[in-house]
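Engineer: Please find one structure pasted underneath; my questions will follow.
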Amino acid sequence: MLEFFRKNYKLVAPVDGKVIDLTEVPDPVFAGKLVGDGIAIDSTGDIIVAPADGKLSVIFGTNHGFGIVLNNDAEVLVHIGLDTVALEGKGFERLVREGANVKAGDAVIKINREYIISEGYSLITLVLFTNLETLKDIYGNIGAKVKAGTDVILEYKLK
C-alpha cells in the first residue's frame with residue numbers, strides 16, 4: 001500500500017535526439033544491459049548536459065562519457081557514442097571538472113559531431129543506471145524526440 005506513495009524521479013535528455021530502447025543499440029554489451037539499464041538517444045546535438053542534479057563522480061580521460069551520482073544517490077553513466085573510446089579524446093571537449101556539482105541541463109561535454117562521424121563512429125548516446133539494486137520501475141520515453149536539458153527521457157523510483 002505504501003508503494004503507491006513512492007516518489008517518481010526523472011532524468012532529462014543529456015543531448016538532443018530521439019529516445020530508443022537499449023535493446024535496439026547495435027552493441028551487444030549495451031543492448032544486453034551488461035553495463036546498466038536505461039535508454040539510448042540517437043543524438044543530433046553537440047552539447048552533452050547533466051541529466052539531473054548531482055556530482056560528477058568521473059569524466060573519462062578520453063571525455064567520451066561521464067558518471068554522475070544524483071542527489072538521491074542513483075548513479076548514472078552517460079556514454080557518448082559507440083566504441084568512441086578508440087578516438088582517444090579527439091572530437092570531445094570537457095567543459096567542467098570532475099567532482100563538480102551540476103544541475104540538470106548544465107553543459108558537461110562538447111562534441112565535434114562532424115569529426116566523430118567522419119571517423120566512422122555512431123553518436124548513439126547511452127544513459128544508464130549503474131546501481132540497479134537501489135532502483136525500480138524504470139520507464140523510458142521510447143520514441144520521443146527530445147531537447148537536451150529540457151525533455152524527460154525516463155522516470156524511475158527508488159526501492
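The values are calculated or read from the model by the stated rules, or taken from the named source; none is laboratory data. Keep in mind that this is a model prediction, so the values were computed, not measured. Positions of Cβ are backbone-derived with ideal geometry, glycine not excepted, and every protein chain shown enters the neighbour counts. Accessible surface areas use protein heavy atoms only, side chains included; no ligands, DNA or RNA. Shrake-Rupley method; radii C 1.70, N 1.55, O 1.52, S 1.80 Å.
Engineer: Need at least 2 residues that are open to solvent by less than 40 Å² (accessible area, probe 1.4 Å) per element, so show me which strands (runs of 3 or more DSSP E) inside the stretch 65-159 make the cut, counting only ones lying wholly within it.
Structural biologist: 65-70, 75-80, 107-111, 124-129, 135-140, 152-158
Engineer: So which of 33, 10 is in contact with an Asp or Glu (Cβ under 9 Å, 6 or more places away or on another chain) and surrounded by fewer than 23 Cβ atoms within 10 Å (Cβ to Cβ)?
Structural biologist: Of the residues listed, the single one that is in contact with an Asp or Glu (Cβ under 9 Å, 6 or more places away or on another chain) and surrounded by fewer than 23 Cβ atoms within 10 Å (Cβ to Cβ) is 10.
Engineer: I'd like the full set of residues that are of a type outside the set (D, E, K, R) and either in a strand (DSSP E or B) or over 21 Å from residue 139 (Cβ atoms) (or both), limited to the stretch 35-54.
Structural biologist: 38, 39, 40, 41, 43, 44, 45, 47, 48, 49, 54
Engineer: Might you let me know whether the stretch 70-81 holds any residue that is under 21 Å from residue 27 (Cα atoms) and free of Cβ contacts under 8 Å to residues at least 40 places away in the same chain?
Structural biologist: Among the residues of the stretch 70-81, not one is under 21 Å from residue 27 (Cα atoms) and free of Cβ contacts under 8 Å to residues at least 40 places away in the same chain, which makes the answer no.
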